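Right, one structure below, let's go through it.
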Amino acid sequence: MNIRVDLEKTGITEEDIMEYQDKIFDISRDLLTRANLQNDFVGWLKLPTKHDKKEFEEIKKAAEQIRSNSEVFIVIGIGGSYLGARAVIDSLTNNFYNLQKESLRKGPKILYVGNNLSESYINDLIDLVLDKEVSINVISKSGTTTEPAIAFRIFRTLLEEKYGIEKAKKRIFVTTDKEKGALKQLADKQGYKTFVIPDNIGGRYSALTPVGLLPIAVAGINIDELMEGARFAEDKYLDDSVKYNACYRYAIARNILYNDGKTIEVLANYEPKLHYITEWWKQLFGESEGKGQKGIFPVGMDFTTDLHSLGQYMQEGRRVLLETVLEVKESNTDITIKPDEDNIDNLNFLEGKTISFVNKMALEGTIKAHVTGGVPNIKISLERLDSRTIGHLIYFFEKACAVSGNLLMVNPFNQPGVEEYKKNMFELLGKPEEIKKPEKDGKPKSAGRPRKAEKAKETKEPKRSKKETKTKEPKRSKKETKAKEPKETKKVKEPKKKKETPKAKRLKE
Ligand code: PA5
């Protein structure tokens, strides 16, 4: 389940890395202290060893029940409340999991909603599941996020109409705060089974909490092995040495390259199964680092697919890119290319080679081309795609992100900027004014006094190392000094109402 980080093609020397030793020592001590005090958003750091074992067993039990009585399992959540689950499920199940025969799948079909506001998406999902046996898991830490809240209203009604209120209750699973928020209130009132998102773990660091674990277990993935991989990582990345700690080396390399003007990081995978790992990584790093007008902009690419769309830019566009390649060393399958008598496509030279081998050559060839073109390359190699390795990878990225954010001198655990679009949207929708309550982790706070953990974590800036005085801003080109403001739109127009299916209509009434 090992993970290797190769910095050979970054142009970074061992001396460059060693310069970070003191800073890293301070950051890692600080994170550990905060995790031990349990009063900050660093609970994920010790989660693999310190999670609630009783709840872990409850998750397995609930998953078993869902698997036995459901054809479809709907995960309702957005951002950190669904990406981790989807990342793990997609990377560890068949590429066509939902299309597989029931007998081949290890769990029900898994579908997602509440991660957009598309009426047609919701409408189509309603049509798809109406005649199926359905269970749902609504996941929201705040319990007030608009997208999942709207979807939950609709799918809760769907279940109540289909099964009757009492039976529907047995098919609704709620993952939320242990005591506050609208969702918790509703779950208590209705008697839904609830799972807890720990106070000291923020959304994007919650993949290994019930947020991710319930859907992952429903998909038939061994969550014991997943946690075992994360536990291995927890122990491995305690090592303070920047010479040996691969997680720190990744964070340091990003920081060095950022300071050298590489303001965009492309995480490239060569396995479609890793698409959602990339999506999860994008959110983790983007939301953690993009603040105070700083941070690397994280971009995901699926290769070789995107080599035929963005490959040109990567090779010859603006040189602000750094590339991190996620390599999977072993393949679980083996398809060998056969000779063809006519050889019209001229591919007979590949006779006897596996497709994995061709993919590997594409990976190596692309790295070489991009490095030559001025894109430094970090390679992260996974031995294979299995639950232990993915558990390890999740922890690896979470810790690297926390350290990287600290190196950048931003708070990697809040996301104040996310509120801005919501404010405008609610204004346009005419949401009634609320009595102002203090902000919690960038989100509106529910009624009641802030608990100890919340008080302590409020926008705490990461500690600076003794040596540090200033974070270097990335180099900018002369032309780049002023960004043009986009033109304002004149008027927000109500879209024309489209015809609804009778079923969908009924559910919205
Ligand atoms: O990382 C985060 O905190 C966010 O992406 C949240 O997960 C996302 O906004 C959903 O929030 P909630 O779980 O409160 O519905």
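FYI, it's all coordinate maths here, none of it is from the lab. Since the model is a prediction, treat every value here as computed from it, not as a measurement. Here Cβ is always computed from backbone atoms with ideal geometry, including for glycine, and neighbour counts include all displayed protein chains.
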Open item on the list: Report the Cα centroid-to-centroid distance between region 353-389 and region 113-167 in angstrom, as an integer.
Closed with: 39 Å
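Using a Förster distance of 56 Å, how high is the FRET efficiency between Glu316 and Arg153, based on the Cβ-Cβ distance and rounded to 0.05? All intermediate terms of the calculation are to be shown ahead of the outcome.
Numbers: r = 49 Å, r/R0 = 0.87.
My answer for the efficiency is 0.70.
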Task: Residue range of the chain that is longest and free of chymotrypsin sites (Phe, Trp or Tyr not before Pro) which are both DSSP loop and sparsely packed (at most 11 other C-beta within 10 Å) - done: 245-509
- [ ] Using the Kyte-Doolittle scale, find the helices of the chain whose mean hydropathy is at least -0.5 and whose Cα atoms extend 27 Å or more along the helix's long axis, counting only whole DSSP H runs.
- [x] 387-408
- [ ] Within 10 Å, count the other beta carbons around each residue, average over each peptide in 294-300, 365-371, 212-218, and list them highest first.
- [x] 212-218, 294-300, 365-371
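Taking a threshold of 30 Å on the Cα-Cα distance, which of the pairs Lys243/Lys294; Lys53/Lys291; Lys189/Lys422 fall above it?
Lys53/Lys291, as the Cα separations exceed 30 Å there.
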Task: Global size of the chain as Cα Rg and Dmax, reported in angstrom - done: 23.8, 77
- [ ] Compute the label zone of Glu14 within region 225-265: residues whose backbone N is under 18 Å from the point 7 Å along Cα-to-Cβ.
- [x] 240-250, 252-253
